[in-house]
Amino acid sequence: MTSYGLKQRFSTVVVYVFLGVMAFLSIFPFLWMVIGATNTTSDIIKGKMSFGASLLVNVNTFLTQVDAPLVFWNSAKITIIATVLTLLISSLAGYGFEIFASRFREKLYTLMLLTLMIPFAALMIPLFMLMKQFGLINTHIAVVLPTVASAFIIFYFRQSTKAFPHELRDAARVDGLKEWQIFFLIYMPVMRSTYAAAFIIVFMTVWNSYLWPLIVLQSNDTKTITLVISSLGSAYYPDYGAVMIGTVLATIPTLFVFFAMQRQFVEGMLGSVK
């Protein structure tokens, strides 16, 4: 074997070792969480890294302390409504910014992108006062409304729309379709990979959101799974086994959504248009 072949094989081995280490570091927190769900609180604190026999006890403790169907329903309702509205409104905005030309389009678009630089902490008090004026405090609507116009998702859809074949739009216009028909009947099916990638991003963001729901959701009947798990972990004597059970259960929906749509996610992130 030549020296070039040895160098190439060595570089391949280094790459695979590096990727293996990174994959382990990425998976380790989830693995530790699953193992912790089977152990007692004292074992978790000690850092025990082997499966225990307390799984059923932890499940029973979690279900006793938490109204699991209610909090999962709250999280699912908020996430699904927010995701659907965000995709609809943000894709309409991204489509409009790219397709329709105007004198102030780029200035307005730049101004919108500048809002990404504003930290959410600077918006919390104005948003809270606004929701209070509309009487939406302690309602799920207050959680959904700030998410439906996402500057990042609008940016993502506009960039993806650059790959949208304009010939399809022109042909649809010749056939007599109105602009809203072109969007719903032509654009959305063609850009389904983009929608799938955006769906995963928005779904995970809303499902895992913590700070804003913590501020506006004040009663136990309206709280989401992230808030409930946080309250379990901040108790005076926290039961970490129950916390781990709740965390594992809260992770399952996001894992399911990602693995069910991972192919479309990769296509959407690469800008695939079929």
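Here is the list for the range 145-188: trypsin sites (Lys or Arg not before Pro) lying in DSSP coil, each with at most 11 other C-beta atoms within 10 angstrom of its C-beta, are K162, K178. Looking at the range 129-225, the accessible area is 50 square angstrom per residue; that uses a 1.4 Å probe and ignores ligands, DNA and RNA. Within the accessible surface of the range 2-57, defined with a 1.4 Å probe on protein heavy atoms only, the carbon and sulfur portion equals 77 percent. Dividing the helix sum by the residues of the chain, where each DSSP H run of 4 or more adds -39500 (n - 2.57), gives a mean residue ellipticity at 222 nm of -22000 deg cm²/dmol. What is the diffusion coefficient of the chain in µm²/s, taking the Kirkwood radius over Cα pairs and the Stokes-Einstein relation at 10 °C with a viscosity of 1.306 mPa s? Answer from the Stokes-Einstein relation: 72 µm²/s.
Expressed as a whole percent, the accessible area of the range 91-159 that falls on carbon and sulfur atoms is 74 (1.4 Å probe).
Residues in the range 1-122 average 67 Å² of solvent-accessible surface per residue, probe 1.4 Å, ligands and nucleic acids excluded.
Build a GNM of the chain with springs between Cα atoms under 10 Å: which of V66, V14, V257 gets the top mean-square fluctuation? Comparing V66, V14, V257 in the GNM, the peak value goes to V14.
Here the dipole of the chain is about 560 debye; that uses its Cα centre as origin and unit charges on the Cβ of Lys and Arg (positive) and Asp and Glu (negative).
Over all projection directions, the Cα-based convex hull of the range 34-124 averages an area of 10.5 nm².
The values are calculated or read from the model by the stated rules, or taken from the named source; none is laboratory data. The structure presented is a predicted model; accordingly, all values stated were derived computationally and were not measured. Every residue, glycine among them, receives a Cβ derived from its backbone with ideal geometry; neighbour counts consider all protein chains shown. Side chains are part of the model used for accessible areas, which takes the heavy atoms of the whole protein and leaves out ligands, DNA and RNA. Shrake-Rupley method; radii C 1.70, N 1.55, O 1.52, S 1.80 Å.
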